[in-house]
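Notes follow the structure.
The values are calculated or read from the model by the stated rules, or taken from the named source; none is laboratory data. Predicted, not measured: the structure shown is a model, and the values here were computed from it. Every residue, glycine as well, gets a Cβ built from its backbone with ideal geometry; the counts of neighbours run over all protein chains shown.
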Amino acid sequence: MRVVVGLIFAAHGAQKAFGWWSGPGFTGWTGVMGKMGLRPAPLWSAVSTGAELVGGVALALGLLTPLAAAALVAQGTVIVLRAHWAAGFWSSNRGYEFPLSLLGGAAAILFAGPGAWALDDLLPVGFVYEPLARWGAAVIAVAVALIVVALPKPPPAAQAR
C-alpha cells in the first residue's frame, strides 16, 4: 500500500511540476492555485507540488515514512476540502472520492508504519515511529491543512486578475 499510495501522489506531483502525463506543469498549476483563491499562488503551488512529489517518493521508498505520510495527509485534506468537497462524493462529478481514498491510505500508513522493505529500516530514525511523534505529525498535518482550507478566498473580481 505504501508504494502504491506514494507513487500515485508522486505521479500527481510530477504532473504539477513537469507537466508529465497531461499535467498542467508548474505554470499551469500556479494558475489553478490562483483560481482556487490561494495567495500567493506560486507559494501554494510549490508547497502542494512538493508535498505530492517529494512526499510521494519518500513514502514509496519508506523514507521518513511518518513524516512523508503526514505531509500527504495534509495535502489530501486540502485537496478534499478545498478543491473537491463542493462537487460531492463521486469522482465522476469531480468529487472527493479518489482524493479521500489517497488521504485514507496515507493516514493508514502514518499509523501502521511502512511495512517491509523500507529505507527507514536502514537509518537511525526510530524516533519518528514513537506514538507521540506519529500523533504529533498527524495533528500538525491536519491543523495546517485546516488553516489552509480556511484561508479566505478573494472576491471573484480579484481572482480574475
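Tabulated values for the structure
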| item | result |
| --- | --- |
| Which listed residue, of G62, G55, is within 19 Å of A138 (Cβ to Cβ), surrounded by 21 or more Cβ atoms within 10 Å (Cβ to Cβ) and either free of Cβ contacts under 8 Å to residues at least 40 places away in the same chain or touching a Lys or Arg at 6+ places or on another chain (Cβ under 9 Å) (or both) | G62 |
| Every residue from the stretch 110-161 that is modelled with pLDDT under 90 and among the β-branched types (V, I, T) | V125, V128 |
| Identity of the residue in the stretch 92-129, among the charged types (D, E, K, R) and exposed (fewer than 14 other Cβ atoms within 10 Å of the Cβ), that ends up farthest from I8 (Cα to Cα) | D121 |
| Considering residues of the stretch 14-52 that are in contact (Cβ under 8 Å) with a residue 40 or more places away in the chain and among the charged types (D, E, K, R) only, the residue surrounded by the fewest Cβ atoms within 10 Å (Cβ to Cβ) | K35 |
| Qualifying positions in the stretch 130-159 - outside any helix (DSSP H, G or I) and exposed (fewer than 11 other Cβ atoms within 10 Å of the Cβ) | P152, P155 |
| Cβ pairs under 9 Å, 6+ apart, first in the stretch 97-110 and under 19 Å from L67 (Cα atoms), second basic (K, R) and crowded, with 23+ Cβ neighbours inside 10 Å | G105/R2; I109/R2 |
| Residue that is within 19 Å of E52 (Cβ to Cβ) and aromatic (F, W, Y), where the choices are Y129, Y96 | Y96 |
